[in-house]
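The values are calculated or read from the model by the stated rules, or taken from the named source; none is laboratory data. Computed from a predicted model, the values in this text were never measured in an experiment. Just so you know, the surface numbers come from the protein's heavy atoms only, side chains and all, with ligands and any DNA or RNA stripped out. Shrake-Rupley method; radii C 1.70, N 1.55, O 1.52, S 1.80 Å.
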Amino acid sequence: GRVVVSRVLGDGGMGVVYRAWLFSNPDGPRAGAPPCEVALKVVHRELIGRERVRRLFYGEIEALRRLSHPNIVGLLGFHDGGAAGPLAVVLELVDGDALSAVVARNVARATPGGNLSRNSCVRGMPST
C-alpha cells in the first residue's frame, strides 16, 4: 500500500510520529478497502545508519509482531530503505491525549510527598 502523511503527532529522540493515511494496494489482498488512519513512525535520517538504532527498530517490530492485546498498538507494516532511508513503521492509530499531557495532568493533582492513586491515573488514560 501507500502511506500519505497528514501531520506531526510527536517528535522524540529517535524519530517523528505522524498521523497518516494508509491506502491499500489495488492489486493486493485488501484491494477495494477504504483508506484508514494510521500512525507513521519515521526514524531521524541522521540515525538510520547506526547499528544500535536499527537493532532497536527491528526489536520493536519483532515485539509488536509477537504481541496481540487490546492495549498494544497493532503493527501494520514497515519500510527499510537501507542506508539512504527512510526507516519507518506503520502502526495502528490510537486517538487520545499525549502521554506527556496525561502525566502533567496527574502530577498537578498529586499531593506533595503523597502517592497518586491508581484510579486517578487510569481515569486520565485514553481508552482503546
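Rolled with a 1.4 Å probe across the full set of protein chains, the surface gives Arg105 an accessible area near 80 Å². Once log10 I(q)/I(0) by the Debye sum over Cα atoms at q = 0.10, 0.14, 0.15 Å⁻¹ is worked out from the coordinates, which option in (1) -0.35, -0.67, -0.76; (2) -0.28, -0.55, -0.63; (3) -0.42, -0.76, -0.85 does it equal? Structure-derived value, by its label: (3). Pairs of Cα atoms nearer than 8 Å and 6+ residues apart set the relative contact order; for the chain it is 18 percent.
Please list Ser24, Ser68, Ser100 in order of solvent-accessible area, largest first, computed with a 1.4 Å probe with all protein chains present.
Ser68, Ser100, Ser24
Note the angle between two axes, namely the Cα long axis of helix 99-109 and the longest principal axis of the Cα atoms of the chain, as a number of degrees from 0 to 90, rounded to the nearest 10. Compared with the principal axis, the helix lies near 0 degrees.
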